[in-house]
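A short write-up of the structure that comes next.
No lab work stands behind these numbers, since they all come straight from the coordinates. Computed from a prediction, not measured in an experiment: that's the story for all the values here. FYI the Cβ positions are ideal-geometry reconstructions off the backbone, even for glycines, and counts take in every protein chain you see.
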Amino acid sequence: MPEIKKRIARKAAKSAVKHTAHGTASKLKRSPVKAATLLSVGGAVGALAGWMAGRSAADTASAGTGS
């Protein structure tokens, strides 16, 4: 039973990636400037969120060690 769940999850993830890639490609064809702007803003926001989460995790880890 766990193998079936794993297979279904893998297929769902693969389908989501294909769908996202197809949507991004078609959007780039229709309006390349708008799509590039949105992708770069999304990347910047994602990078900022990752950096803040990393700092928060590092602060929490250092607070636990007493340094």
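So, with +1 on the Cβ of K and R and -1 on the Cβ of D and E, and no other charges, what is the size of the charge dipole of the chain about its Cα centre, to the nearest 20 debye?
Numbers: 12 positive and 2 negative charges, 132 e Å.
For this selection, approximately 640 debye.
Once label points are set 7 Å from the Cα along Cα→Cβ at both Leu28 and Ala53, what is their separation, rounded to one decimal in nm?
It is 2.4 nm.
Suppose R0 equals 30 Å. What FRET efficiency, 1/(1 + (r/R0)^6) with r the Cβ-Cβ distance, do Ala13 and Thr60 give to the nearest 0.05? Working shown, then result.
Working: r = 30 Å, r/R0 = 0.99.
According to the calculation, E is roughly 0.50.
Quick one: how many lysine pairs does the stretch 6-61 have with C-alpha atoms less than 21 Å apart and a gap of 8 or more or different chains? Give me the count, please.
Working: Lys6/Lys14; Lys6/Lys18; Lys14/Lys27; Lys18/Lys27; Lys18/Lys29.
Step by step, the pairs that qualify in the stretch 6-61 add up to 5.
Mind listing the phi-derived Karplus ³J(HN,Hα) values for the stretch 33-41, rounded to whole Hz, using 6.51, -1.76 and 1.60 with θ = phi - 60°, and x for any glycine or proline?
Going residue by residue, I get 5, 5, 5, 5, 5, 5, 5, 5, 5 Hz, with x marking Gly and Pro.
Run lengths n ≥ 4 of DSSP H only: what is the helix-derived mean residue ellipticity at 222 nm for the chain, with -39500 (n - 2.57) per run over all residues, to the nearest 500? Walk me through the numbers before you get to the answer.
Numbers: 2 runs with 63 residues, N = 67.
Per the formula, -34000 deg cm²/dmol.
If all Cα-Cα distances of the chain are sorted into 10 Å bins from 0 onward, what percent lands in each bin, rounded to whole numbers?
17, 22, 24, 25, 10, 1
Of Ala25, Ala36, Ser62, which is farthest along the charge dipole of the chain in the positive direction, counting Lys and Arg as +1 and Asp and Glu as -1 at C-beta?
The residue sitting farthest along the positive end of the dipole is Ala25.
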